[in-house]
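Peer 1: If you scroll down you'll find the structure; I have some questions about it.
The values are calculated or read from the model by the stated rules, or taken from the named source; none is laboratory data. Quick caveat: nothing in here was measured; it's all calculated off a predicted structure. With ideal geometry, Cβ positions are generated from the backbone for all residues, glycine too; neighbour counts draw on all protein chains shown. These area figures cover heavy atoms from the full protein model, side chains too; ligands, DNA and RNA do not enter into them. Shrake-Rupley method; radii C 1.70, N 1.55, O 1.52, S 1.80 Å.
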Amino acid sequence: EPRGDSDGPRRGSLCDQHCAAINNTQGDLGCHLHRPRVPPAMSPPSCCQQHSDEVCESCVVKTTLTAENAVEANKLSNNYKFGFKKWKSHVTERPWEDRSEIVKELYSDLNVIRGSGGSTATCGNILYLLLFGWWLSLLYILVAAMMFVTVVGAPYGRLCWDLAGYFLWPFGKVIQQVEVPKSRRALGACEAGAEASGAGESSALLGGPMPHRWRPPCWADAGYWQCAGTVAWLCLGYPALVLAHGLVCVTAWLLVILIPVAKLSARTTARVLLLPPERVLIRRLRMTEVPLEGEVILCCYRAVNPYYYKYAVDGINVFAVNLLPLVLVTLVLGYVDSHNRLTSSPVKFTLALLSIMPLSYYIGMAIASISAQSNFAVGAVVNATFGSITELTFYITALIKGSREGNRCYAEIVKSALTGTLVGCVLFVPGLCMVIGGIRHQEQRFNSRSAGVSSALLFLSVGGVFAPTLFSKVYGKLVCGECHNVTQNPLGHYLCHNCHFDLMENNGTLFYSHVQPLVYTVSLLLPAAYLIGLFFTLKTHSHIYDIHISDCHMPGHHHSAVVHWSRWRALVILLLSTLCMSACADLATEHISPILTNSTISQYFIGVTVLAMVPELPEIVNGIQFALQNNLSLSIEIGNCIAVQVCMLQIPILVLFTIFYPTNFTLVFSDLHVYASMFSVVLMNYIFMDGKCDYFQGTVLVMVYFILLAVYFFAPSPSGC
């Protein structure tokens, strides 16, 4: 709803202005935040003196976000809903007019002539020369010599000679497609030999006379592909150059910042090398305003553009596109090379773990696309069903493998990963976002009331998850593996090793009669509390967020939504990504055994770091992007939402899974997990108490997280591993 002149009875009041001034939360990229300015003379005490506390508390943070269309507005609204996945990228095509000049340059073809931007001898261009330019130029010289030897391909030899100089340093040069005069086309078909074209034309822009060009074997376009010179070119010269440019294109695309070089090679292969030689003209640009004659095919000024991390293909970020082939390689190596003849188990485990990152991205975008194009009920079901599918897939496959092998180590790894996700999302994710956002913004504010709801649920969930552990510590019997008398006195002190609380005393009476019923009770209460939290934040107390979405009413803008992924396409991608995720998780658990047995690093550390945080990398990137745009509320909510889902959804689902498929997983954690989780939640609530933060507070959270990682690194491996 747009905030107009009829904004309610409190419009224009001091309280409304003060609360609007408190809110400096900005919308997503391309959206604008509308809020009234507060006179400098007004101070918070004057607001509270003239208005009741009830009114001041009710207005809290008011945010009005503008969106290009209804689908994008629905996505923005879902970002502020509890239990919904927060997604930064657009799910619809943005209007070209709304994009910045930097982004427009990313999607432009390399055929635009711009004014002089200074010297072309930049570090990026020199990098191109070292990586590609010298050997591409040498290859063109060799191909040119080969075409001269064929005689009939001499025009193509001259073209390759000119292109050798171009690709050695293509910056500041232009390749044109010129028209051949009709009088020359009528000279006849397939004239043998080579004849210099006496073109003495000149241009002030290009400077100097037009270079000579060998006359082709065939002047008639209709018979171009049947000429002997063209056949020799397509059989001898063109394939080698296509392979070379293909290698350059793939390498430059994978490096991302060198995508202009990839475009240069692709356009050369598809256009320049397939034109008749006499229609290709290469010139060096000079400072002038005289227009070029003929179509400009290529005009490149720089090889490196650091902003290509924003580049997207059909709404998919370029990094997710580049990592997609890694998924195919992982699946092929994992299931075809089952005996590790080509690669070892650690390599397969690493590939499987890296493949989870792009699959997590595709799952997240599919969920955001479906939710933005559906009603609230469908969006809530999709987010609740597939929101934690990445983590649950790995945990369940690990528990199944541990149950089949009778190895308790897998259950301990799952517990470590659950704890690592909880601690990382409570400390590392918001801390890192606060540090990066604080570098750009001196002080950042967020909605403390909405963060308070997540904090309360975190306290409840952590207390519920670790209740069986505390119960077992109180009523369990301490059993030690080895005890030695230190003082040689029967009544002296004993030093014991491998101590743990035994819950199976008296044929498991304590566990089956007391601990297990408590675990089932907690597993039922936690999802119920999650549903109550959803009902509270989305239905009865939705004014806590007070987010209003309005359309942009700007001249010339079209508001029709052109979605990147339709609902059915998003659903198919979601199901395929989930299937591939299951396969990669199965490969990861299959090849983790050598790492657990041969590694000198504690299994606690492996579970808390690698297995816990790698699947959350897309969420971390989203949080950083929100923080950079001064929208710290969503950065905090990303971490809180994941942590709440770990305790209130993922753990109860694992407990429910163990009922139907018995495993070694019990909801009894080690002391280290309990202390680390509780300390993290308490520290997070203390930092977020005042509703504002800076990079120093974020540094504190990150440092505490690294201290906990050091504790896990030096901790001994859990019993059974």
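Peer 1: Apply the Karplus parameterisation 6.51 cos²θ - 1.76 cosθ + 1.60, with θ equal to phi minus 60°, to every residue of region 612-626 and state each ³J(HN,Hα) to the nearest whole Hz, in sequence, with x for glycine and proline.
Peer 2: Result, rounded to whole Hz: 8, 9, 4, x, 9, 4, x, 5, 5, 5, 4, x, 5, 5, 5.
Peer 1: Distance from a point 7 Å along Cα→Cβ of Tyr520 to each backbone N in region 647-669: keep the residues under 19 Å and list them by number.
Peer 2: The answer is 651-668, whose backbone nitrogens lie closer than 19 Å to the label point.
Peer 1: Could you look at region 623-721 and say what percent of its accessible area is carbon and sulfur, using a 1.4 Å probe and all protein chains?
Peer 2: So the carbon and sulfur contribution to the accessible surface is 74 percent.
Peer 1: How long is the gain from Ala710 to Asn111 if the chain were fully straight, where each residue apart is worth 0.36 nm and the alpha carbon distance is subtracted?
Peer 2: Separation in residues times 0.36 nm, less the Cα-Cα distance, equals 210.3 nm.
Peer 1: Roughly speaking, what is the centre-to-centre gap between region 563-622 and region 96-164 when only Cα atoms are used, to the nearest Å?
Peer 2: Value for the Cα centre distance between the two parts: 40 Å.
Peer 1: Carbon and sulfur together cover what percent of the accessible area of region 330-442 at a 1.4 Å probe radius?
Peer 2: Carbon-and-sulfur percentage of accessible area, whole number: 63.
Peer 1: Another question about this same structure. Hey, what do the phi angles of region 312-323 turn into as Karplus ³J(HN,Hα) couplings, whole Hz, using 6.51/-1.76/1.60 and θ = phi - 60°, x for Gly and Pro?
Peer 2: 9, 10, 6, x, 9, 4, 4, 5, 5, 5, 5, 7
Peer 1: With each label point set 7 Å from Cα along the Cα-Cβ vector, what nm distance links Ala121 and Leu247?
Peer 2: 2.9
Peer 1: Using mean Cβ contacts within 10 Å as the protection proxy, how do 144-156, 596-608, 517-529 order, highest first?
Peer 2: So the peptides 144-156, 596-608, 517-529, ranked by packing, come out 144-156, 596-608, 517-529.
Peer 1: Between Gln442 and Ser593, what is 0.36 nm times their sequence separation minus the Cα-Cα distance? Round to one decimal in nm.
Peer 2: Between Gln442 and Ser593, full extension yields an extra 49.7 nm.
Peer 1: Lysines near Lys415 by alpha-carbon distance under 16 Å, same-chain residues fewer than 8 away left out - which ones?
Peer 2: Lys415 reaches Lys401.
Peer 1: Show the residues, 5+ positions off or on another chain, whose built amide H is closer than 5 Å to the amide H of Ala303.
Peer 2: Hits under the 5 Å cutoff: Asn125.
Peer 1: Per-residue HN-Hα couplings for region 574-586, Karplus 6.51 cos²θ - 1.76 cosθ + 1.60 at θ = phi - 60°, whole Hz, x for Gly and Pro?
Peer 2: 4, 5, 5, 5, 5, 5, 5, 4, 4, 5, 5, 5, 5
Peer 1: Please give the contour-minus-distance gain from Tyr309 to Tyr686: 0.36 nm per residue of separation, less the Cα-Cα distance, rounded to one decimal in nm.
Peer 2: Computed gain between Tyr309 and Tyr686 is 132.2 nm.
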